[in-house]
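S.K.: Structure incoming, see below.
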């Protein structure tokens, strides 16, 4: 039996650092969001829920929320769909499973800023890889596309994002699929089950837990999305790329010129946290009732 | 391998062949795109400025190593490299030193509130990092640690604790209990059990946690962006971001690519050697 003194001694350092530099700041966010606060070192003025009222009437906030939701939903459908599809393809007995898994996951260990530089090169209208490739196969019309024009930039960014995250969820889902006992498929084969039946009646229910966790992880990642679109947009991030995280940063620290609306920015942080927790609860609910059907 | 499309008896050999070809072409299309674009960026780092603008898909005519020199000296990546290396190494060591004992106690000791405390640690994984920008900045300002690598390393440790504690708690729980009992019967104190029996057995888990945290913190960019203002304190991702912004005006693509190469090569080497361990560490928590 481990004694109390040792328990306390072993836990204290972690609790101190985690509490002081992570949990406490999270709680402060709620408090700060009730103030008008125009700079570190400036006086705070209590304004109650005024910042939230202002958010409600702020066009740019709704735009950022819309973009975040688009990343969450459109990105989520593609990422999960592709991750599942490629798990099945790579697991279908083709040569080089470990190699493909290695390559698919690769973008996740590379610096986001490096990835955004790479995609800037891919999308560049004049010298970019995409347009050069189109020109070299004779697709002159397509090769003149301005991939990062205001109309296209969000979707161009999202495509790159899907490429990054598909590899991440591929390794999670594949780990789940690999745990399914082989004899289940053998039994199904003997019973004459079709591919689709095996997928629907064995693969999906047997990976349900992994899928639930994957959805939860994706929701968290989508709601806090900041780094990739921010680096992709460079110094003057265009509003088409604003996510909640980027708008928070812009209101707190500005782009070129500092803005320093700190209270207002923290209110956006509170919205992000609430959104994340609500979505997690919803997903757990939905996935739980569904799993009872099997 | 329990393949999903392990062939049913009814499918004809022709269909099987068709399926095989389809699987290969779809998987290779994705993999080829990923490999080609990364390799192309690295290759283009050896081109001259003019070559990048004109040459299309041609290989560099000669190796222009000076792009790396430009990124290293003019782009100051040479100064940011040690910043990153020291900051990340120190942070990873502290994370492990702080998290391993906590995870051990959380997985092995019996005390009231153990589960709640575990959940509080794990909760951190769900908190959106941008939410911390302003309050963490003011905590560091209050400690007079703003705009310092010391301050950032404390924050790095804090944000790495949730995943590390989660991973290590799972790892300690999976170790057999018999050895502990045997060690106690042999007269070991609690601390000796931890130090000489459990910690060595947790070695692989600690290594996995260390590698994953190293990669994440090496690439960490959002909190560094907020917390580090002076150019001298920049980490590699911030330096590369500055290089990319400057590139908009200088049009020095190969210089930017040299910077990209400098920052991605260390992580790719680590990943190439340890990918199996990293991937199993990533998936351990998700697949029970």
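Derivation of every value follows stated rules applied to the coordinates shown; laboratory data play no part. Every value quoted in this text rests on a predicted model; they were computed, and no experiment measured them. Please note: Cβ atoms are built from the backbone with ideal geometry, for glycine as well, and neighbour counts cover all protein chains shown.
S.K.: Could you work out the Rg to Rh ratio of chain A, with Rh taken as the Kirkwood radius (inverse of the mean 1/r over all Cα pairs)?
M.R.: 1.04
S.K.: What is the calculated FRET efficiency for residue A:206 to residue A:57, with r their C-beta to C-beta distance and R₀ = 41 Å, to the nearest 0.05?
M.R.: 0.25
S.K.: Order A:114-120, A:18-24 from most to least packed using the mean count of other Cβ atoms within 10 Å.
M.R.: So the peptides A:114-120, A:18-24, ranked by packing, come out A:114-120, A:18-24.
S.K.: Give me the three principal axis extents of the stretch A:80-184 from the C-alpha atoms, as integers in angstrom, largest value leading.
M.R.: Here the spans come out as 54, 30, 22 Å, largest first.
S.K.: Evaluate peptide A:39-50: per residue, the Cβ atoms of other protein chains within 10 Å of its Cβ; return the mean as an integer.
M.R.: For peptide A:39-50, the averaged partner shielding equals 1.
S.K.: While we're on this one: Averaging sequence separations of C-alpha pairs under 8 Å and six or more residues apart, then dividing by the length of the stretch B:68-284, give the relative contact order as a whole percent.
M.R.: For the stretch B:68-284, the relative contact order is 34 percent.
S.K.: The stretch B:221-272 to the stretch B:24-97: how many Å between their Cα centroids?
M.R.: For the stretch B:221-272 versus the stretch B:24-97, the Cα centre distance is 10 Å.
S.K.: In addition: In nm, give the distance between the simple-model label positions of residue B:229 and residue B:65, each being 7 Å from the Cα along the Cα-to-Cβ direction.
M.R.: Computed distance between label sites residue B:229 and residue B:65 equals 4.0 nm.
S.K.: Can you classify the protein assembly as shown as rounded, prolate or oblate using the Cα gyration tensor, where a ≥ b ≥ c are the square roots of its eigenvalues, rounded means a/c under 1.5, and otherwise it's prolate if a/b beats b/c and oblate if not?
M.R.: Judged from the Cα gyration tensor, the protein assembly as shown comes out rounded (a/c under 1.5).
S.K.: Using alpha carbon centroids, what distance separates the stretch B:151-196 and the stretch A:1-43, in Å?
M.R.: Spelled out, the Cα-based centre of one part sits 23 Å from the other.
S.K.: Still on this structure, I have one more. Using label points projected 7 Å from each Cα along Cα→Cβ, tell me how many nm separate residue A:85 and residue B:186, to one decimal.
M.R.: Placing both labels 7 Å beyond Cα along the Cβ direction yields 5.6 nm.
S.K.: Same structure again: From the C-alpha gyration tensor of the stretch B:150-211, pull out the three semi-axes of the equivalent ellipsoid (sqrt of 5λ each), sorted largest to smallest, in whole Å.
M.R.: Each semi-axis is the square root of five times an eigenvalue, giving 28, 13, 9 Å.
S.K.: Starting from the Cα-Cα distance between residue A:190 and residue A:277, subtract it from 0.36 nm times their residue separation and give me the gain in nm to one decimal.
M.R.: Net length gain for the segment: 26.8 nm.
S.K.: Mind giving me the FRET efficiency for residue B:280 and residue A:159? R0 is 30 Å, r the Cβ-Cβ distance, nearest 0.05 is fine.
M.R.: 0.55
S.K.: Then there's this: Relative contact order, percent, of chain A when contacts are C-alpha pairs under 8 Å separated by at least 6 residues?
M.R.: Result for chain A is 27 percent.
S.K.: Computed FRET efficiency, Cβ-Cβ of residue A:66 and residue A:236, R0 22 Å: what is it to the nearest 0.05?
M.R.: According to the calculation, E is roughly 0.60.
S.K.: Whole number please: convex hull volume per residue, Cα atoms of the stretch B:68-284, in Å³.
M.R.: Considering the Cα atoms of the stretch B:68-284, their hull volume per residue is 145 Å³.
S.K.: Neighbouring Cβ atoms within 10 Å as the yardstick, rank B:40, A:62, B:30 fewest first.
M.R.: Taking fewest neighbouring Cβ atoms as first place, the list is A:62, B:40, B:30.
S.K.: Modelled label-to-label distance, residue A:137 and residue A:95, 7 Å Cα→beta-carbon offset: nm?
M.R.: 2.5
S.K.: For residue B:245 and residue B:79 in one chain, what is 0.36 nm times their gap in residues minus the Cα-Cα distance, to one decimal in nm?
M.R.: 57.9 nm
S.K.: Another question, then. Residues of the stretch A:88-113 with backbone nitrogen within less than 19 Å of a virtual label 7 Å along the Cα-to-Cβ line of residue B:35, please, listed as ranges.
M.R.: A:89-110
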